[in-house]
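First up is the structure itself, then whatever we jot down about it.
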Amino acid sequence: DKSGLIMTADHVINGARQVQVRMADGSRLVGEVLGGDASTDVAVVKIDPPASMAVATLGTGADVVVGQSAIAIGSPFGLDQTVQTEGVRPADP
């Protein structure tokens with residue numbers, strides 16, 4: 001968000017107290033890990049945000065429905081700015 005809070009995966013922080021955050025323009029910032037939860041694989045990092053930093057909207061408040069797309073954005077395995085989409089599927093009977 002605009003205050004510099006970043007949501008990431010807990011496995012990304014891997015128990016660290018500080019991480020290096022790479023921005024889309026290639027610049028790097030030091031991030032303080034505020035906390036993480038391995039069971040949900042969610043963590044929160046705080047940076048001092050640049051004034052021009054773009055912020056993603058995480059949700060609209062609408063209910064998720066079967067068949068709706070979900071998008072994951074990241075840089076796994078050194079690949080820059082990748083996007084993966086998945087359809088939400090019903091649970092197995």
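For the stretch 50-65, enumerate the residues that are modelled with pLDDT under 80 and either of a type in the set (Lys, Arg) or open to solvent by 100 Å² or more (accessible area, probe 1.4 Å) (or both).
Those that are modelled with pLDDT under 80 and either of a type in the set (Lys, Arg) or open to solvent by 100 Å² or more (accessible area, probe 1.4 Å) (or both): 57, 58, 60, 64.
For the stretch 14-27, state whether one or more residues are farther than 16 Å from residue 1 by Cα, modelled with pLDDT of 90 or more, surrounded by 10 or more Cβ atoms within 10 Å (Cβ to Cβ) and in contact with a helix residue (DSSP H, G or I) (Cβ under 8 Å, 6 or more places away or on another chain).
Yes; the residues of the stretch 14-27 include at least one that is farther than 16 Å from residue 1 by Cα, modelled with pLDDT of 90 or more, surrounded by 10 or more Cβ atoms within 10 Å (Cβ to Cβ) and in contact with a helix residue (DSSP H, G or I) (Cβ under 8 Å, 6 or more places away or on another chain).
Results for (1) under 19 Å from residue 72 (Cα atoms); (2) of a type outside the set (D, E, K, R); (3) touching a residue at least 60 places away in the same chain (Cβ under 8 Å), shown as yes or no for each residue.
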position	(1), (2), (3)
3	no, yes, no
16	no, yes, no
32	no, no, no
35	no, yes, no
38	yes, yes, no
48	no, no, no
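Filtering the stretch 2-12 down to residues that are more than 11 Å from the chain's Cα centre (by Cα) and at pLDDT 90 or above, which residue is surrounded by the most Cβ atoms within 10 Å (Cβ to Cβ)?
My answer is 4.
From 37, 80, 92, grab the single residue that is of a type in the set (D, E, K, R), surrounded by fewer than 12 Cβ atoms within 10 Å (Cβ to Cβ) and at pLDDT 90 or above.
None of the other options fit; the residue is 37.
The values are calculated or read from the model by the stated rules, or taken from the named source; none is laboratory data. Since we're looking at a predicted model, the values are computed, not measured. Neighbour counts run over all protein chains shown; Cβ positions are idealised from the backbone, glycine included. With ligands, DNA and RNA removed, areas are computed over all heavy atoms of the protein, side chains included. Shrake-Rupley method; radii C 1.70, N 1.55, O 1.52, S 1.80 Å.
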